[in-house]
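Everything below concerns the one structure shown next.
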Amino acid sequence: MRHLEDGFGRRFPYVRLSVTEACNFRCTYCLPNGYRKSAPHDFLSVDEIARLVRALRSMGVQKVRLTGGEPSVRQDLTKVIAAVADAGVEKIALTTNGWTLARRIEAWAAAGLTHLNVSIDSLDQKTFAAITGHNRLAEVLDGVERATQSGVHTKLNAVLLRNTLGDGFEEFASFIQFRHISVRFIELMRTGDNTAYFQAQHVSGSTLVDWLAARGWSPVARAADAGPAIEYAHPDYHGRFGIIAPYAPGFCDSCNRLRVTARGKLRLCLFGEGGVDLRDLLRNEGQTDALIERVNAALSGKVRGHGLASGQYGDTRQLAEVGG
Ligand code: SAM
Ligand code: SF4
């Protein structure tokens, strides 16, 4: 099978596809004032997504993660999932804030969803509400319970914030003690819109790593098409902790993923600039070869690593815009 490869020999079996820029939460680090529509909502249609994913599948892509914005604000999300499944992708993942999870997980699972990440930054109701702008922790957790029963492989995402250290880790540890579920902390990333917040709230991923090491958790091996998390297991716990630390040295060496925005731009790095427009090749059938050629040409320009450590965070204003 053909595959996507860049100039550093890295392969890309994993694509993160944003399906909308819109969101119904107001996470303090992402959209603190809520989503404001700044351009028409002409996001990729189900047919365009199907063409894109079929082409990527022929280039060895095995895993597609649907993200946003909040993917579940799209009424046709179930059809999007089905289109990705029809293209023959093995792992179909969704990242969601869980707003509609309890009501929709069964339909998503029936359409072919295999993996789910639910973003929950705190298991404390008040803290959750303060971060997201919505007092909905109980509903989101109900959705997580239903997702685990539906057979969809479910993980939690939490952003590592200065405000939620300590007790926050203990609460998640209790939550996963008897549940086969991973909670992965993402180190807060600086974007164009969150500079002051970043300076106040950023803590190094090593804070969690040290906390885990002191309590007997050990790192486990990473699968070839896995995301960027390093996971930790403990004999007394069914679940796992994970850490995604983009500021750690060597983070980009194992990069295995590409991004496509909700408007059909290929982004080679979350913290890059611009992007390569694919949309003109998605509007009609019969453009697969041209599409593959354009993606390959772009890949030859993928740089070795992001410049976050030196304060270069590209033109991403917030992650909702490009698909986090
Ligand atoms: N709305 C969905 C959600 O929140 O799960 C999907 C999109 S969101 C941009 C994807 C992930 O990025 C979420 O887990 C969110 O917490 C995380 N995220 C957003 N902004 C971030 C930032 N500045 N630093 C680290 N993680 C961030
Ligand atoms: Fe919305 Fe996700 Fe950003 Fe929160 S992190 S504001 S849920 S896009």
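Conditions tested, residue by residue: (1) modelled with pLDDT of 90 or more; (2) open to solvent by less than 70 Å² (accessible area, probe 1.4 Å).
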site: Ala233; (1), (2): yes, yes
site: Asp236; (1), (2): yes, no
site: Gly239; (1), (2): yes, yes
site: Ile243; (1), (2): yes, yes
site: Pro246; (1), (2): no, yes
site: Phe251; (1), (2): no, yes
site: Leu268; (1), (2): no, yes
site: Gly275; (1), (2): no, yes
site: Leu282; (1), (2): yes, yes
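Residue selection: Ile92 fails the criterion of being open to solvent by 10 Å² or more (accessible area, probe 1.4 Å), within 16 Å of ligand 1 (Cβ to nearest atom) and within 20 Å of the chain's Cα centre (by Cα). Residues that are touching a Lys or Arg at 6+ places or on another chain (Cβ under 9 Å) and under 24 Å from Asp193 (Cβ atoms) were ranked within the stretch 60-74; the one that is nearest to ligand 2 (Cβ to nearest atom) is Gly68. Selection within the stretch 15-38: residues that are open to solvent by less than 10 Å² (accessible area, probe 1.4 Å) and of a type in the set (S, T, N, Q). The member of this set that is farthest from Ala87 (Cα to Cα) is Thr20. Only one of the numbered conditions (1) open to solvent by less than 10 Å² (accessible area, probe 1.4 Å); (2) under 20 Å from Gly151 (Cβ atoms) is violated by Ala85, and that is (1). The set of residues in the stretch 134-163 being basic (Lys, Arg) and more than 12 Å from ligand 1 (Cβ to nearest atom) consists of Arg136, Arg146, Arg162.
Would the stretch 226-235 turn up any residue that is charged (D, E, K, R), free of Cβ contacts under 8 Å to residues at least 60 places away in the same chain and under 19 Å from Ser119 (Cα atoms)?
Checked the stretch 226-235: at least one residue is charged (D, E, K, R), free of Cβ contacts under 8 Å to residues at least 60 places away in the same chain and under 19 Å from Ser119 (Cα atoms).
Just checking, does the stretch 31-48 include any residue being more than 16 Å from ligand 1 (Cβ to nearest atom), among the acidic types (Asp, Glu), more than 16 Å from the chain's Cα centre (by Cα) and in a helix (DSSP H, G or I)? Scanning the stretch 31-48 turns up at least one residue that is more than 16 Å from ligand 1 (Cβ to nearest atom), among the acidic types (Asp, Glu), more than 16 Å from the chain's Cα centre (by Cα) and in a helix (DSSP H, G or I).
Only residues that are touching a Pro at 6+ places or on another chain (Cβ under 9 Å) and modelled with pLDDT under 95 were counted across the stretch 3-41, and they come to 2.
Is it fair to say Leu77 is free of Cβ contacts under 8 Å to residues at least 40 places away in the same chain, within 16 Å of ligand 2 (Cβ to nearest atom), crowded, with 22+ Cβ neighbours inside 10 Å and under 17 Å from the mean Cα position of the chain (by Cα)? Considered against the rule, which asks whether it is free of Cβ contacts under 8 Å to residues at least 40 places away in the same chain, within 16 Å of ligand 2 (Cβ to nearest atom), crowded, with 22+ Cβ neighbours inside 10 Å and under 17 Å from the mean Cα position of the chain (by Cα), Leu77 comes out as no.
Of the residues making up the stretch 106-135, those that are of a type in the set (Gly, Ala, Ser) and either open to solvent by 40 Å² or more (accessible area, probe 1.4 Å) or in contact with a Phe, Trp or Tyr (Cβ under 8 Å, 6 or more places away or on another chain) (or both) are Ala107, Ala110, Ser122, Ala130, Gly133. Which condition breaks for Arg57 when tested against (1) within 15 Å of ligand 2 (Cβ to nearest atom); (2) in a helix (DSSP H, G or I); (3) charged (D, E, K, R)? Going through the list (1) within 15 Å of ligand 2 (Cβ to nearest atom); (2) in a helix (DSSP H, G or I); (3) charged (D, E, K, R), Arg57 breaks only (1).
The values are calculated or read from the model by the stated rules, or taken from the named source; none is laboratory data. Note that the structure is a prediction, hence the values are computed from the model and not measured. Every residue, glycine among them, receives a Cβ derived from its backbone with ideal geometry; neighbour counts consider all protein chains shown. Surface areas here come from the heavy atoms of the whole protein model, side chains and all, with no ligands, DNA or RNA. Shrake-Rupley method; radii C 1.70, N 1.55, O 1.52, S 1.80 Å.
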